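Following: one structure in structure tokens, then a few remarks.
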Amino acid sequence: MKRRNFLNNITKLSAAPLLLNGMPLRSFASPSYLPTNCQGISDRVMVIIFLKGGNDGLNTIIPIDQYSRYANLRPNIRINAGSYINLDTTLPIEDQVGLNPAMTSFKAMYDAGQASLIQAVGYPGYNQSHFKSTDLWLTGGDGTPANFNIDSGWMGRYLDTAFPGAFSGPTPLYPDPMGIQLGDSKPSIGFHDHSNEYIGVNLSNQNPGNLFGLLNGLGTAAHGTVPTSDYGDNINHIMGVENTTNAYGGRISNVYNSGNNSGTAYPSSNLGNQLKTVARLLDGGSKTKLFLVHKPGFDTHANQVQSGSTNLGTHANLLKDVFDSIKAFTEDLTNLGLEQNVLTATFSEFGRRITQNGSMGTDHGNFAPVFLFGSGAAPGVRGTNINIDPNALDAAGNLPATALQHDYRSIWKTLLQDWLAAGDDVLNGASFGSYNKIAGLVTPGLVVPPGCYNITTALPVEFSEFTAEYIVQEKEVALFWKTESEVNHSHFLVQRSADGRTFVDIELVDSAGDSTITQKYETTDDQPLPGISYYRIKSIDLDDSFEYTEVRSVRNEGVANEHIKLYPNPAKYDVNLVLTTEQVYDGVIRIFDLRGKKVKERSVRIEKGFNKFNWTIEDLANGNYTVTLAKGRRNIATMKLVVI
Amino acid sequence: MASIQPHTGTLGVRLAKHLLRRSSYRYTPTAVDNLAGMSVTNAVNSLFNPYTLDMDEPLDYISGQPFINSGVNLSPPQGLENFKKRRNVTAWWLREAEKNPGIQHRMTFFLHSIFVVSNTQVSPFQYFDYLDLLSFYSIGNYKTLAKKVTIDTAMLRYLNGNDNVRDSPNENYAREFFELFTIGKGPQIGPGNYTNYTEDDIVTAARVLTGWRPTWDRPLGGNDMYRDPVTGITQGHPAIWAHDLGDKTFTAAFNNTTILGAVNQDDMFRELDDFVEMVFAQPETAKNICRKLYRYFVHHNITQEIESDIITPLSETLIGDDYDLEPTIKQLLRSQHFYDTGDGDATDDVIGGLIKSPMENWIQTATFFNLQIPDPVTDGEDHYFYWYWRSVALVLHEGAGMTFFRPENVAGYAAYYQAPGYDKNWFGGSTLIARYKLPEILLTGTRVLLPGDSKAFPLNVVSFIQNSGVVSDPADGMEIVDGLIGYLFAEAPLLARRNYFLNEVFLDDLSLLNWQFEWQAYENSGNATSVRIPLERLFTALISSQEFQNK
């Protein structure tokens, strides 16, 4: 099976000190990963709202030019002609859409130049499974064989390409997790990076203000070496989750507690609360780049409208919550002075069937609209109304493949570059290189100029090995590490810790600086701490940025390894032999009476770790016996047994 | 080389622990010891011994009376009452899962994770009947279950089967029947063509399935139309007026099979039967079921090698037994591959290689340490409300990411279907807090994330160490640590790690001799304070160790 790049991953996730814990966050100068004249751009973020279940695009935006077709296709669930809201009468008639009457908030934002919509979004080879299509949307895939089974997410790939060194715990440049997920406790596939590791922080169902308090003291200490197996892989995964959550927990709590909402009334819904949390984190100084929030419930197979009052019912309630929440979010951000930094987008895994089903609902479909919000979203309607001529639909009543107007990857690509300043190499890293950008998606004056693009460079140092070993004869710890390449590198600091959390520098080691071949380094610690010492290497570049290796633990005393015991003793009915050992072998247990006569013998397989053997001794006469455990001809242990 | 050939000989402790962790919720020192001495065949067979329910049904803890099969013709309760009684059904099922030393409850949950229903949309009767149906076939015939669950009232409700009528079919159930319950998707080889079936087949299958109506009330006495003659369980019923009477022809994926439309109400059972038989006649259906079994019991990663060496022979067994599950599961649990013994390398990827679900985690912990749960008859409110609802359901399950019998969507729980992480999905930043609160909840008997008592009796670690038989001489600190680690961890830890638990956690860097004195002082005085503290510290560290999260 595929093995992860061990060192690399542990480094990425290893515990880092809470550098920023307790400090007034806003007093930090805000360092930027972009050129200095692009400061404002580096504060930009994106909020993505996943409408889970498949939003019915056709009852969300109705093609006004084809209203009678629409009404015929959906006799029981159609929005009445007098009931929908004409979004923009200035558009050509073939582009005019009627909003679901629940979308008054969207209309208001559109009129204020803070909202846009994109028609008929999707991908080639539409898949109508919730699960597969969700995966495709989040991985950047589609229905063609080449893009059908991708194991990483486009957000994860974008982040790990654009922000190298941002995933090893808080640093001055990247104090926050780059991706935060809310509203769904499953780690989203969207945040899985190039090595299929989840690199977001999932705050679903948590109180961010008390995260650190709850995390404190949970779990056990990390361990140094784990087995090379899936068991070890799981242990590493669990440690990684603990460490990332721990490392960012304090920072998130601080950010949240020092941030405020402006008092804007949000809908008291789950989505409203998620967006309110995002606004508060941003106000507290969060540098998180992507927020993924969730609104479930769009799988409206039955009763999506209220019978007789199609402007009401399940679907209308869903839409009302979505757009009211976004409007409140936008107002809150405006009051907080943050609106210019935030662009919000919605998507759903598919739209629904053009024809209604018999349960006052709709079955799975394909293309559907995407909505964008914020002053960065150039206002307007992109694309034209879908053609719902019954003769143009496929046999099931779905839009034909040719109805696709916008590939969703073109939208994300455009926003990543024109809004978040991703350079071409970053877009390639996100696997969006081959798609076309969509002109005019971002408000013209706010499009990132190419001079401000985020161009990534290789990490200055690539570690390939780091070991720490206690040398009994010398009573010291030998430390050894290797690098495969070095660019613009300054030096290493060897650090030691008693608890695996708080480290102190113990030695400075000069580095080769620039190298393309393997470089080996070694040093010793002749004063290891009593008990366990933890070590790591801090690698510092010429520009003072730094990263850490994984942590190694070393113990400087020996304890008896083997443990063997007979019980109960004295025994009456049966007796157990328990044995803990480091070895694996075939052994023989024998019982001798006082005259040396063998009265019982049994071959056993001794396994590494804990062993337990039980047998009955009711048949033995009362008295004293000797029990031996032999490995080959050699006696490992001899014990006395009393039978009563 | 992954081998489906049986592993032979005596199981031994390490493999006995592995088998028990993977196949039963109940995990006790005695059970490990017993299995360790058995042959592989006998050990696996013993898990299939019939289990007799401790209580036939839950009680309404307010009245102290049973309410499912109480002998009265009942309409479902409404509103809050409905909600409360469903809670009691969940508590009842969990309690039986704790008591069952075999595989049946583990398999019932497996079947639930495939034939997903959310209990929020049905009455306690339908919820109970659904669980009863899955239990009936837990180690029985998967194909027969697929027929019966299609017309189970809870399922008809959950996937809109009750909305699927002649003039306007609703294809929700038909789609998931193919994708999730039976044959699964193959590569997408054309528009709407998933190799094993097409969008057209979904439309056709929905027509076959038109006209089945849920049975809302609890029919008793002579109303046999509402009861399955084999299981005796109340089920949905046919309504010919709502059924599409035409013949139904499937695509080339099913060899253009035509299923004759039913000619009368009784014939609708025949038509349903023909349809299910058609799907199960495809070898790909057996393979897909075997992949699900493999992911549940062995490992999430199905390589080409696993596909050819394990899945294919297993699926042949499943087909050979006409979809009877028991021989197939036994073959899997006896195989060299399951025990990592098929090759020379004993470290490759099965033992300890899955993360436990929150349910497995707390039940195996509670049964191992013999937690005393309040009695359902004499202490009903504490049992049903405070323990199973407030502590187990809300914190230990939901908080830890397992909305029990109420998964987020019809694909079930992410741990069983969501690539690439699968079981790693149990472990995320939003779920680890509740998961790691388990030791605190057990030791204090109080809920810790939400205010209020859990009212379970707190776990007494001192008495466990004294009386469980796991440790022969509690004055020997090394034996305590080795004994507990030996039973609780999948693999022996490295010496440094074991010494961490021994010296830093348990002894607090004091000596073994000191512990011996402490224990002797406790035995003389009866005052447990100074031995309880280190023992609880050790318990907490072991239960929240990274190792213990794995099975």
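Annotations for the structure displayed:
- Taking the stretch A:185-197 as the range and being at pLDDT 85 or above and more than 8 Å from every other protein chain (Cβ to nearest Cβ) as the test, the residues that pass are A:SER188, A:GLY190, A:PHE191, A:ASP193.
- Test result for B:ALA393, closer than 30 Å to B:LEU293 by Cβ, under 20 Å from the mean Cα position of the chain (by Cα) and at pLDDT 85 or above: yes
- A count restricted to the stretch A:155-169 and to residues that are on the phi > 0 side of the Ramachandran plot and either in contact with a helix residue (DSSP H, G or I) (Cβ under 7 Å, 6 or more places away or on another chain) or at pLDDT 90 or above (or both) stands at 1.
- Check on A:LYS565, facing chain B (nearest Cβ under 10 Å), within 45 Å of the chain's Cα centre (by Cα), of a type in the set (D, E, K, R) and under 24 Å from B:GLY477 (Cα atoms): no
- Flag if B:GLU523 is at the interface with chain A (Cβ under 9 Å from one of its Cβ atoms) and of a type in the set (D, E, K, R): no
So that you can scan it fast, the table gives a plain yes or no per residue for (1) of a type in the set (Asp, Glu); (2) surrounded by 24 or more Cβ atoms within 10 Å (Cβ to Cβ); (3) farther than 21 Å from A:TRP137 by Cα; (4) free of Cβ contacts under 8 Å to residues at least 12 places away in the same chain:
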| site | (1), (2), (3), (4) |
| --- | --- |
| A:GLY284 | no, no, yes, no |
| A:LYS320 | no, no, yes, no |
| A:PHE323 | no, yes, yes, no |
| A:ASN341 | no, no, yes, no |
| A:THR344 | no, yes, no, no |
| A:SER348 | no, yes, no, no |
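- Considering B:VAL481, B:VAL462, the condition of being crowded, with 21+ Cβ neighbours inside 10 Å and more than 8 Å from chain A (Cβ to nearest Cβ) is satisfied by B:VAL481 alone.
- Residue match in the stretch A:545-554 (condition: closer than 30 Å to A:PHE163 by Cβ, more than 9 Å from chain B (Cβ to nearest Cβ) and basic (Lys, Arg)): yes
- The listed residues are B:VAL149, B:VAL116, B:VAL122, and the only one of them that is touching a residue at least 12 places away in the same chain (Cβ under 8 Å), touching a helix residue (DSSP H, G or I) at 6+ places or on another chain (Cβ under 9 Å), within 13 Å of another protein chain (Cβ to nearest Cβ) and of a type in the set (Val, Ile, Thr) turns out to be B:VAL116.
- Helices (runs of 4 or more DSSP H) fully within the stretch B:1-68 counting 1 or more residues that are crowded, with 20+ Cβ neighbours inside 10 Å and either without any contact (Cβ under 8 Å) to a residue 12 or more places away in the chain or within 12 Å of chain A (Cβ to nearest Cβ) (or both): B:12-23, B:29-36
The rows are residues; the columns are (1) under 12 Å from B:ALA91 (Cα atoms); (2) touching a helix residue (DSSP H, G or I) at 6+ places or on another chain (Cβ under 8 Å).
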residue	(1), (2)
B:PHE368	no, yes
B:GLY380	yes, no
B:TYR386	yes, no
B:TRP389	yes, yes
B:VAL395	no, yes
B:GLY401	no, yes
B:ARG406	no, yes
B:ALA415	no, yes
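- The set of residues in the stretch A:362-382 being within 16 Å of A:LEU99 (Cα to Cα) and either outside the structural domain of A:ALA396 (by TED's automatic domain parsing) or small (Gly, Ala, Ser) (or both) consists of A:ALA368, A:GLY380.
- Residue match in the stretch B:148-168 (condition: β-branched (Val, Ile, Thr), outside the structural domain of B:LEU293 (by TED's automatic domain parsing) and over 24 Å from A:ASP363 (Cβ atoms)): no
- Qualifying residue in the stretch B:407-427 (condition: farther than 30 Å from A:PHE148 by Cβ, in contact with a Ser or Thr (Cβ under 8 Å, 6 or more places away or on another chain) and more than 7 Å from every other protein chain (Cβ to nearest Cβ)): no
- Residues in the stretch B:3-28 that are under 13 Å from B:TYR487 (Cβ atoms) and over 21 Å from the mean Cα position of the chain (by Cα): B:VAL13, B:ARG14.
- Among (1) within 8 Å of another protein chain (Cβ to nearest Cβ); (2) in contact (Cβ under 8 Å) with a residue 60 or more places away in the chain, the one test that B:ARG435 misses: (1)
- Residue in the stretch B:151-173 that is in contact with a strand residue (DSSP E or B) (Cβ under 8 Å, 6 or more places away or on another chain), closer than 15 Å to B:ILE114 by Cβ and not in a strand (DSSP E or B) present: no
- Segments classed as strands (runs of 3 or more DSSP E), wholly inside the stretch A:516-597, with at least 2 members that are surrounded by 12 or more Cβ atoms within 10 Å (Cβ to Cβ), at positive phi and not polar (S, T, N, Q): none
- Enumeration of residues in the stretch B:127-146 that are part of a helix (DSSP H, G or I) and either within 13 Å of chain A (Cβ to nearest Cβ) or aromatic (Phe, Trp, Tyr) (or both): B:TYR127, B:PHE128, B:TYR130, B:PHE136, B:TYR142
This table checks each residue for (1) closer than 22 Å to B:TRP426 by Cα; (2) within 12 Å of chain B (Cβ to nearest Cβ); (3) at pLDDT 90 or above.
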residue: A:GLY153; (1), (2), (3): yes, yes, yes
residue: A:THR171; (1), (2), (3): no, no, no
residue: A:LEU182; (1), (2), (3): yes, yes, yes
residue: A:ILE199; (1), (2), (3): yes, yes, no
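- Cβ pairs under 9 Å, 6+ apart, first in the stretch A:570-583 and within 11 Å of chain B (Cβ to nearest Cβ) and within 20 Å of A:VAL642 (Cβ to Cβ), second of a type in the set (Lys, Arg) and part of a strand (DSSP E or B): A:ASN576/A:LYS565; A:ASN576/A:LYS612; A:LEU577/A:LYS565; A:LEU577/A:LYS612; A:VAL578/A:LYS565; A:VAL578/A:LYS612; A:LEU579/A:LYS565; A:LEU579/A:LYS612
The values are calculated or read from the model by the stated rules, or taken from the named source; none is laboratory data. Owing to the predicted nature of the structure, the values given are computational and were not obtained by experimental measurement. Virtual Cβ from ideal backbone geometry, glycine too; neighbours counted across all protein chains shown.
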